[in-house]
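The values are calculated or read from the model by the stated rules, or taken from the named source; none is laboratory data. Just so it is clear, the structure is predicted and the values come from calculations on it, not from any experiment. Quick reminder, even Gly has a Cβ in these numbers, built from the backbone with ideal geometry, and neighbours come from all protein chains shown.
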Amino acid sequence: MRLARTLLILSAVGFLAAQDPKKDEADTLKGKWSAVSIAVGGKPAQDQVVKAFKLTIDDKTYTHLLGTEVVEEGGYKIDASKSPKTIDFDIKKGPDVGKRQLGIYMVEGDKLTMVVANAGSEDRPKSFKVDPESLIVEIVFEKAKP
């Protein structure tokens, strides 16, 4: 009886550890993403830019591509406990090297929406509604099919 109870407790602990929300949230971002829309201050980007813009996220790093050219790389950190969820990019390669870029994000199925401030700005966007007078960038991605 004691052995059975011990096994049950160990199984429950293992199940709870597997349900770690931070790990699950980070896992939803991992993979290759293709832009379906990009807007700066609510003004849409050109179609050829949108079609060429890609994002790859792994455990600790991200890569932005325009076509096959890497335009930016770095590390990132998320906080899924905040509302809206936050993401900070630490830019290691590209025109804004050495700067941080603050943003918010949401994942809905295979759709990732990010709203980010200019690199180097200390002001994080507060909502997904973008002020047309701002330089805030909104990007909607779809997860690339394997």
**Prompt:** Looking at this structure, is V13 at pLDDT 90 or above and not aromatic (F, W, Y)?
**Reply:** no
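With touching a residue at least 40 places away in the same chain (Cβ under 8 Å) and closer than 20 Å to V50 by Cα as the only criterion, which of V107, V70, V116 stands out?
Matching residue, one of V107, V70, V116: V107.
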**Item:** From the options I78, I139, residue that is over 18 Å from A39 (Cα atoms) and at pLDDT 95 or above
**Value:** I78
**Number of positions in segment 65-90 that are under 17 Å from D24 (Cβ atoms) and part of a strand (DSSP E or B)** = 7
**Request:** Inspect segment 59-69 for any residue being exposed (fewer than 12 other Cβ atoms within 10 Å of the Cβ), in contact with a Phe, Trp or Tyr (Cβ under 8 Å, 6 or more places away or on another chain) and on the phi < 0 side of the Ramachandran plot and give the result as yes or no.
**Result:** yes
**Request:** Would you be able to say whether some residue in segment 95-108 is touching a Leu at 6+ places or on another chain (Cβ under 9 Å), closer than 17 Å to F141 by Cα, of a type in the set (A, V, I, L, M, F, W, C) and surrounded by 15 or more Cβ atoms within 10 Å (Cβ to Cβ)?
**Result:** yes
**Item:** Residues (over 20 Å from E25 (Cβ atoms), outside any loop (DSSP other than H, G, I, E, B) and β-branched (V, I, T)) located in segment 91-146
**Value:** I91, V137
**Prompt:** From the residues in segment 78-94 that are over 11 Å from the mean Cα position of the chain (by Cα) and either under 22 Å from T56 (Cβ atoms) or charged (D, E, K, R) (or both), which one is surrounded by the most Cβ atoms within 10 Å (Cβ to Cβ)?
**Reply:** I91
**Asked** Pairs under 9 Å by beta carbon, first residue farther than 13 Å from P84 by Cβ in segment 119-146, partner at pLDDT 95 or above and surrounded by fewer than 10 Cβ atoms within 10 Å (Cβ to Cβ), six or more apart or different chains?
**Response** A119/P95
**Request:** Looking only at segment 36-47, decide whether some residue is under 22 Å from K93 (Cα atoms), in contact with a Ser or Thr (Cβ under 6 Å, 6 or more places away or on another chain) and touching a residue at least 12 places away in the same chain (Cβ under 8 Å).
**Result:** no
**Request:** Go through segment 73-90 and give me each residue that's charged (D, E, K, R) and free of Cβ contacts under 8 Å to residues at least 24 places away in the same chain.
**Result:** E73, K77, D79, K82, D88, D90
